[in-house]
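What follows is calculated from the coordinates using simple rules that are stated; it is not laboratory data. None of these values were measured; they are calculated from a predicted model. All Cβ positions, even for glycine, are placed from backbone atoms using ideal geometry, and neighbour counts span all protein chains on display.
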Amino acid sequence: MDQLSDALHASLELVAERVGDPTALVYDRLFAEQPRMRDLFVGDHNGQARGHMLQMVLDTLTNMADGAAWPANMIRAERVNHDQIGVPFNVFATFFTVVHETFRDAAGDDWTTDMEDAWTGVLARAAAA
Ligand code: HEM
């Protein structure tokens, strides 16, 4: 664990304290920015796929921050899988930014510079994957 990793974990805890489960906030923001992506989730009546995907994305980013090697491979694989289900490469990457912005807004004044740096840092790693 280093500072980036600690600050990323702290940001997730802060968001949970502030808003509980952030899933609805994340997808509201995603669909506002990418309205065409809403159709892909029409079958997800109970929100299970949305929740699971968000959880996987957070696991991927926290493990990437912790220095694991698998997240880069996972992102590369999912980019191709998602292209096949109708998520273009350029739209795929926007999900990371949507999560970052949603969490920053949810945390409000409690969002620290370390947290912002941690998110910027880990998303740069994700973009390089
Ligand atoms: C705007 C961007 C994205 C859209 C619209 C999107 C859409 C979806 C949809 C519709 C599914 C459900 C597929 C199905 O089971 O039929 C899914 C699953 C999944 N997505 Fe995304 N995705 C996006 C970005 C990402 C990103 C950046 C990652 C990160 C690696 C990711 C990881 C996953 C994973 C791991 C699953 C499988 C979840 C499960 O098994 O339930 N997605 N995605």
Can we say ASN46 is out of contact with any strand residue (DSSP E or B) (no Cβ under 6 Å at 6 or more places or on another chain), farther than 28 Å from ALA7 by Cβ and free of Cβ contacts under 8 Å to residues at least 12 places away in the same chain?
yes
Checking LEU58, LEU40 in turn, the sole residue that is within 10 Å of the ligand (Cβ to nearest atom) and surrounded by 15 or more Cβ atoms within 10 Å (Cβ to Cβ) turns out to be LEU58
Note: among PRO35, PRO88, PRO71, just one is more than 20 Å from VAL15 (Cα to Cα) and crowded, with 17+ Cβ neighbours inside 10 Å, namely PRO71
Checked segment 104-129 for anything of a type in the set (Lys, Arg) and in contact (Cβ under 8 Å) with a residue 24 or more places away in the chain; matches are ARG125
Of the residues in segment 62-84, those that are over 15 Å from the mean Cα position of the chain (by Cα), of a type in the set (A, V, I, L, M) and either more than 10 Å from the ligand (Cβ to nearest atom) or not in a helix (DSSP H, G or I) (or both) come to ALA68, ALA69, VAL80
From the option list MET64, MET74, single residue qualifying as in contact (Cβ under 8 Å) with a residue 24 or more places away in the chain and either of a type in the set (Phe, Trp, Tyr) or over 17 Å from ALA16 (Cα atoms) (or both) is MET64
Counting only residues in segment 97-117 that are surrounded by 18 or more Cβ atoms within 10 Å (Cβ to Cβ) and within 10 Å of the ligand (Cβ to nearest atom), the one farthest from ASP6 (Cα to Cα) is identified as VAL98
Taking segment 85-97 and keeping residues without any contact (Cβ under 8 Å) to a residue 24 or more places away in the chain and part of a helix (DSSP H, G or I) leaves PHE89, ASN90, PHE92
Here the residues within segment 1-32 that are of a type in the set (S, T, N, Q) and surrounded by 14 or more Cβ atoms within 10 Å (Cβ to Cβ) are SER5, SER11, THR23
- Task: Answer yes or no: is there a residue in segment 14-35 that is aliphatic (A, V, I, L, M), near the ligand (Cβ under 10 Å from one of its atoms) and touching a Ser or Thr at 6+ places or on another chain (Cβ under 7 Å).
- Result: no
Only unsatisfied item for HIS100, checking (1) in contact (Cβ under 8 Å) with a residue 60 or more places away in the chain; (2) under 21 Å from ASP114 (Cα atoms), is (1)
Checked segment 49-61 for anything of a type in the set (A, V, I, L, M), without any contact (Cβ under 8 Å) to a residue 24 or more places away in the chain and more than 13 Å from PRO22 (Cα to Cα); matches are ALA49, MET56
